[in-house]
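Some notes on the structure that comes next.
The values are calculated or read from the model by the stated rules, or taken from the named source; none is laboratory data. The model shown is predicted, which means the values in this text are computed figures rather than measured ones. For neighbour counting, all protein chains shown are included, and Cβ atoms are generated from backbone atoms with ideal geometry for every residue, glycine included. Ligands, DNA and RNA are excluded from the accessible area calculation, which covers all protein heavy atoms including side chains. Shrake-Rupley method; radii C 1.70, N 1.55, O 1.52, S 1.80 Å.
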Amino acid sequence: MKMDNSKTRVVVGMSGGVDSSVTAYLLKEQGYDVIGIFMKNWDDTDEFGMCTATEDYEDVIRVANQIGIPYYAVNFEKEYWDKVFTYFLDEYKLGRTPNPDVMCNKEIKFKAFLEHAESLGADFVATGHYARVETIDNEVKMLRGVDNNKDQTYFLNQLSQAQISKVMFPLGGMEKPEVRRIAEEAGLATAGKKDSTGICFIGERNFKQFLSEYLPAQPGEMKTLDGKVMGKHDGLMYHTIGQRHGLGIGGDGEPWFVVGKDLANNVLFVEQGFHHDSLYSDSLVATDMSFVSDRPMDAVFHCTAKFRYRQEDVGVTVHLLDGNKANVVFDAPARAVTPGQALVLYDGDVCLGGGTIDEIYKQDAQLQYVG
């Protein structure tokens, strides 16, 4: 017997890209009462008065008209500035490498947007993220997307049980080529549109140039850990742990990498070799720990973790601490773990939650000299 979905209202976050277009199309085909919402989170008007958000919204309109759903635009620029961009700048001021996508999902796409959708009578919201939600043991779980290359649970790790129970991810069980094929067969206006990459408010612009508009650059010395001066850096904020490109250090032998920062003295530390010992750590302290489940976690548990997107999972033992903190000990040393990035925990395909990497340790000594 076919389900009657017509009484279930799903508000779809539509970006003007192929993933969210196919999300809306599939839900409409399944008989849901679908509304499309375009979120304008950033004013990206250039010096010629052009705005990519305008082009994206026009694509949303084309697709919504094609599949026969109502659509609206909603402006979250103030919320985005207050909750995401301010955090982004604050982290760079601290010499860290933030992950604005994680914060955007937590505060905008699954909070401000979810609240707005509920004001429209939504039973669920849906997005084009590659992740899955399933009810297991009377609890909603978030699982990795089937497409390993596109899985986006890393960026969704801060979602709560209340949020995830209101979400649909129709693309979670698909691989990207299938999504493109559906868009082409349906004749959707966005079928051939290339995927957007990078941070939404930077877009195609030069990162250094963008950041310098908001934070004054402070050039300083680039040194090895034993104090040898190797050159100058343009500003600590332009560099991240494990970075190779843009250092301007030539010469023979293996390439050079960023291994640490001394914020107080404005020094960037570099060493030679991809596997240099100083790039490896064996534990970390994370803050702002958050779990998808409402059920209490064990004080100590073993699982796997990612310290950056597209990284292979690493086995870890998690020791939960007071104040939403955790001490995380790695089964084997890990390379280029970076303060400010997301720690994301998994039990098989189930995303348990995560936090923000705050301090890095090796044999109980703090690394990376940030501070």
**Message:** within 28 Å of N327 (Cβ to Cβ) and open to solvent by less than 40 Å² (accessible area, probe 1.4 Å): which single residue out of M222, M289 fits that description?
**Reply:** M289
**Asked** Can you name every residue in the range 218-256 that is within 26 Å of the chain's Cα centre (by Cα) and touching a residue at least 40 places away in the same chain (Cβ under 8 Å)?
**Response** L236, M237, T240, I241, G242
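Every residue, every condition in (1) closer than 19 Å to C351 by Cα; (2) aliphatic (A, V, I, L, M); (3) open to solvent by 40 Å² or more (accessible area, probe 1.4 Å), yes or no:
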| position | (1), (2), (3) |
| --- | --- |
| R62 | no, no, yes |
| G68 | no, no, yes |
| V84 | no, yes, no |
| N138 | yes, no, yes |
| M142 | yes, yes, no |
| N148 | yes, no, yes |
| Q161 | yes, no, no |
**Prompt:** Can you name every residue in the range 90-104 that is part of a helix (DSSP H, G or I) and surrounded by 15 or more Cβ atoms within 10 Å (Cβ to Cβ)?
**Reply:** E91, Y92, P100, D101, V102, M103, C104
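Could we say that D282 is surrounded by fewer than 21 Cβ atoms within 10 Å (Cβ to Cβ) and in contact with a Cys (Cβ under 7 Å, 6 or more places away or on another chain) here? Explain how you work it out, then say what you get.
Working: surrounded by fewer than 21 Cβ atoms within 10 Å (Cβ to Cβ): yes; in contact with a Cys (Cβ under 7 Å, 6 or more places away or on another chain): no.
Criteria not met by D282.
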**Message:** Can you pull out every residue in the range 279-315 that is within 12 Å of V344 (Cβ to Cβ) and part of a strand (DSSP E or B)?
**Reply:** A286, M289, S290, F291, C303, T304, A305, K306, V314
**Message:** Taking the criterion of being closer than 30 Å to Q218 by Cβ, out of contact with any Leu (no Cβ under 9 Å at 6 or more places or on another chain) and either modelled with pLDDT under 95 or open to solvent by 10 Å² or more (accessible area, probe 1.4 Å) (or both), would at least one residue in the range 27-41 satisfy it?
**Reply:** yes
**Prompt:** Which one of these does V133 not meet: (1) within 21 Å of the chain's Cα centre (by Cα); (2) in contact (Cβ under 8 Å) with a residue 40 or more places away in the chain?
**Reply:** (2)
**Item:** Qualifying residue in the range 268-279 (condition: more than 19 Å from M103 (Cβ to Cβ), aromatic (F, W, Y) and surrounded by fewer than 21 Cβ atoms within 10 Å (Cβ to Cβ))
**Value:** yes
**Asked** Any chance the range 13-24 includes a residue that's assigned to a strand (DSSP E or B) and either aromatic (F, W, Y) or at pLDDT 95 or above (or both)?
**Response** yes
**Complete:** With the first residue restricted to the range 299-315 and required to be of a type in the set (A, V, I, L, M), and the second required to be modelled with pLDDT of 95 or more and outside any strand (DSSP E or B), Cβ contacts under 8 Å at 6 or more apart or on different chains are A305/D313; V314/F307
